[in-house]
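**Student:** Next up is a structure, given as structure tokens.
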Amino acid sequence: MKKTPLRTCIVCREKKEKRKLIRIVRDKENQTVFFDKTGKANGRGAYICGSDKCIEALGNVKMINNILNVNVKKEDMENVKEGIKKYLKEEVLN
């Protein structure tokens, strides 16, 4: 039997199955942060659960900068948050 990988949400610190979490990635080349729908993009990643509280905490740019070792702007993180919210709405509707 294959072991299911667990990851920890960077906001609420709950451990969950990797596929049930949302991955945020720092791209090595241009030091940007983006939402990884596939969970397989190259770069340093961090995970959050899909709760509203955890998604809203992405507005805390200082936390993201420390975890992903990047210098991201607040506007960029707002775009990431909106992308995650849109993705979650699409998943619920399908």
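The values are calculated or read from the model by the stated rules, or taken from the named source; none is laboratory data. Nothing here was measured: the structure is a model prediction, and the numbers come from that model. Counting neighbours? That spans all protein chains shown, and the Cβs are built from the backbone with ideal geometry, glycine included. In case anyone asks, the SASA skips ligands and DNA or RNA and just uses the protein heavy atoms, side chains included. Shrake-Rupley method; radii C 1.70, N 1.55, O 1.52, S 1.80 Å.
**Student:** If each DSSP helix of 4+ residues adds -39,500 (n - 2.57) and the sum is divided by the residues in the chain, what number results at 222 nm, nearest 500 deg cm²/dmol?
**Tutor:** On the way: 3 runs with 33 residues, N = 94.
Per the formula, -10500 deg cm²/dmol.
**Student:** Let me ask something else about it. To the nearest 20 debye, what charge dipole does the chain have about its Cα centre, counting +1 at the Cβ of each Lys and Arg and -1 at the Cβ of each Asp and Glu? Walk me through the numbers on the way to the answer.
**Tutor:** On the way: 23 positive and 13 negative charges, 114 e Å.
About 540 debye.
**Student:** How many percent of the accessible area of segment 6-93 is carbon or sulfur, using a 1.4 Å probe? Provide the component values of the computation, followed by the final result.
**Tutor:** On the way: 2640 of 5690 Å².
That fraction is 46 percent.
**Student:** While we're on this one: Which whole number of Å³ per residue matches the convex hull of the alpha-carbon atoms in the chain?
**Tutor:** 104
**Student:** Another question, then. Taking only Cα atoms, what is the 0 to 90° angle, nearest 10, from helix 74-93's long axis to the longest principal axis of the chain?
**Tutor:** Taking Cα atoms only, the helix is inclined about 30 degrees.
**Student:** Checking the table LYS53/LYS86; LYS28/LYS81; LYS15/LYS53; LYS53/LYS89 against a 18 Å threshold on Cα-Cα, which pairs fail?
**Tutor:** Values: LYS53/LYS86 16 Å; LYS28/LYS81 20 Å; LYS15/LYS53 16 Å; LYS53/LYS89 16 Å.
In this structure, LYS28/LYS81 lie more than 18 Å apart at Cα.
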